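This report concerns only the one structure given below.
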Amino acid sequence: MKAFYASEQKRHDPKAFLSSGAQKPNPEKPERVERLLAGARAAGCTIERPRDHGPGPVAAEYLDFLEHIFVRWQRIEGASAEVIPNIHPIARGGSYPASAVGQAGYHMADTACPISSETWQSALWSAWSAVEAAEGVMSGAPAAYALCRPPGHHAFADVAGGFCFINNSAVAAQTLRKNAARVAILDVDLHHGNGTQGIFYARPDVLTVSLHADPVRFYPFFWGHADERGEGAGLGYNFNLPLARKSGDAAFLDALDVAFQRIRAFAPEALVVALGLDAFEGDPFGGLSVTTLGFSRIGEAIAGLGLPTVIVQEGGYLCDELGDNLTAFLTGFGGGKKR
Ligand SMILES: [Zn+2]
């Protein structure tokens with residue numbers, strides 16, 4: 001399987017992370033890239049650099065913000081080293097603000113996505129890795145892996161959040177839609193894919209399915225509940241499967257079977273897997289208890305859908321097994337048989 005990654009994606013190096021009121025080192029570290037590259041290589045992937053794909057389907061106003069906010073922010077007297085908003089609009093009813101501070105609040109959902117000088121290039125190349133993987137699948141490859149870092153599934157169309165700036169899984173799905181009438185996104189990250197859900201919430205052509213730790217007491221809190229099913233033309237095309245904290249392989253695989261029923265009924269022509277590896281029992285977030293062998297079985301099970309598949313990296317944080325878990329998933333996927 002081909003894997004796509006550009007070295008620019010490693011330059012983004014967020015420092016701060018405000019978690020439940022406490023400032024901590026940001027866990028979305030560049031070192032993740034090394035672990036994931038090693039994991040992909042161990043699974044037999046060849047690593048290729050994506051091409052420049054231009055701005056694509058992402059909102060122009062938001063991309064302009066991402067590209068220029070760091071330099072604008074530094075003009076503020078006593079500016080912080082990273083862009084972190086101190087104000088958020090309660091809802092988007094008002095006017096689009098002109099100031100750097102106002103726009104940071106408008107485009108950044110929380111404090112877990114600080115923007116530094118390198119963030120824009122890293123986020124852009126991460127999205128292009130997703131485009132390149134999707135184009136590979138559109139050209140006939142049965143599957144491709146996009147080593148997307150920074151991750152994307154908490155980013156809405158014009159809002160960063162939760163370590164994410166551009167929603168790479170959504171970009172992959174939208175790219176696949178050029179050839180496929182229906183695309184499903186299956187998100188197996190520990191956290192609910194709220195940005196992905198938000199982007200496609202009113203659309204019936206992209207089914208969004210997410211397995212995740214129950215958000216009743218877990219990020220992203222406001223989204224990911226079972227009663228969020230889509231709206232308008234998209235009603236019935238969003239499916240959330242919240243899992244009890246510390247659920248292990250058996251519960252995860254059972255929920256995956258339920259997800260497969262919905263995906264098969266939708267009859268997609270292509271699949272995007274939003275592959276978080278933070279459901280791992282040893283991940284620093286500690287929300288679920290999937291094992292390394294479990295990731296292999298999850299990969300094998302997803303391959304059983306028999307769909308052209310773009311695998312997009314989402315979360316999964318530094319622990320000794322991070323690379324092994326990617327290898328396990330990709331190897332399991334490669335060994336999976338259509339059922
Ligand atoms: Zn996550």
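The values are calculated or read from the model by the stated rules, or taken from the named source; none is laboratory data. These numbers were taken from a predicted model, which means no experiment stands behind them. Glycine also receives a Cβ, built like all others from the backbone with ideal geometry; neighbour counts cover every protein chain displayed. Side chains included, ligands, DNA and RNA excluded: accessible areas come from the protein's heavy atoms. Shrake-Rupley method; radii C 1.70, N 1.55, O 1.52, S 1.80 Å.
Just wondering, is there one or more residues in the range 260-270 that are among the hydrophobic types (A, V, I, L, M, F, W, C) and part of a strand (DSSP E or B)? So that I can check it myself, show each step before the final result.
Filtering the range 260-270 for residues among the hydrophobic types (A, V, I, L, M, F, W, C) gives 260, 263, 265-267, 270.
Right, trim to part of a strand (DSSP E or B) and you get 270.
Yes: the range 260-270 contains one or more residues that are among the hydrophobic types (A, V, I, L, M, F, W, C) and part of a strand (DSSP E or B).
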Hits in the range 187-224 - residues which are within 13 Å of the ligand (Cβ to nearest atom), assigned to a helix (DSSP H, G or I) and farther than 18 Å from S289 by Cβ | N194, G195, T196
All but one of (1) within 16 Å of the ligand (Cβ to nearest atom); (2) assigned to a strand (DSSP E or B) hold for Y145; which doesn't?
-> (1)
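Any idea which residue in the range 151-168 is most open to solvent (accessible area, probe 1.4 Å), counting only those that are away from the ligand (no atom under 12 Å from the Cβ) and not in a strand (DSSP E or B)?
Initial filter on the range 151-168 (away from the ligand (no atom under 12 Å from the Cβ)): 155-160, 165-168.
Within this subset, residues satisfying the condition of being not in a strand (DSSP E or B) are 155, 157-158, 165-168.
Values: A155: 0, A157: 56, D158: 37, F165: 2, I166: 7, N167: 6, N168: 1 Å².
Looking at the filtered set, the residue picked out is A157.
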Conditions (1) in contact (Cβ under 8 Å) with a residue 40 or more places away in the chain; (2) away from the ligand (no atom under 16 Å from the Cβ); (3) touching a strand residue (DSSP E or B) at 6+ places or on another chain (Cβ under 9 Å); (4) part of a loop (DSSP other than H, G, I, E, B) -> A184 fails only (4)
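State which residue is farthest from A181 (Cα to Cα) when the search covers only the range 318-339 and only residues that are within 16 Å of the ligand (Cβ to nearest atom) and buried (at least 22 other Cβ atoms within 10 Å of the Cβ). Spell out the reasoning first.
Of all residues in the range 318-339, those within 16 Å of the ligand (Cβ to nearest atom) come to 318-319, 321-322, 325-326, 329.
Filter again for buried (at least 22 other Cβ atoms within 10 Å of the Cβ), leaving 322, 325-326, 329.
Values: L322: 35, N325: 32, L326: 30, F329: 27 Å.
Here the answer is L322.
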Scan the range 298-316 and report the pairs whose first residue is within 11 Å of P142 (Cα to Cα) and open to solvent by 20 Å² or more (accessible area, probe 1.4 Å) and whose second residue is more than 16 Å from the ligand (Cβ to nearest atom) and of a type in the set (D, E, K, R), with Cβ atoms within less than 8 Å and a gap of 6+ or a chain change.
-> G306/K338; G306/R339; L307/E269; P308/E269
In the range 214-256, what count of residues is obtained for those that are of a type in the set (S, T, N, Q) and exposed (fewer than 13 other Cβ atoms within 10 Å of the Cβ)?
-> 0
Quick one: which residue in E269, E281 is within 16 Å of the ligand (Cβ to nearest atom), out of contact with any Phe, Trp or Tyr (no Cβ under 9 Å at 6 or more places or on another chain) and either open to solvent by 40 Å² or more (accessible area, probe 1.4 Å) or more than 26 Å from Q9 (Cβ to Cβ) (or both)?
-> E281
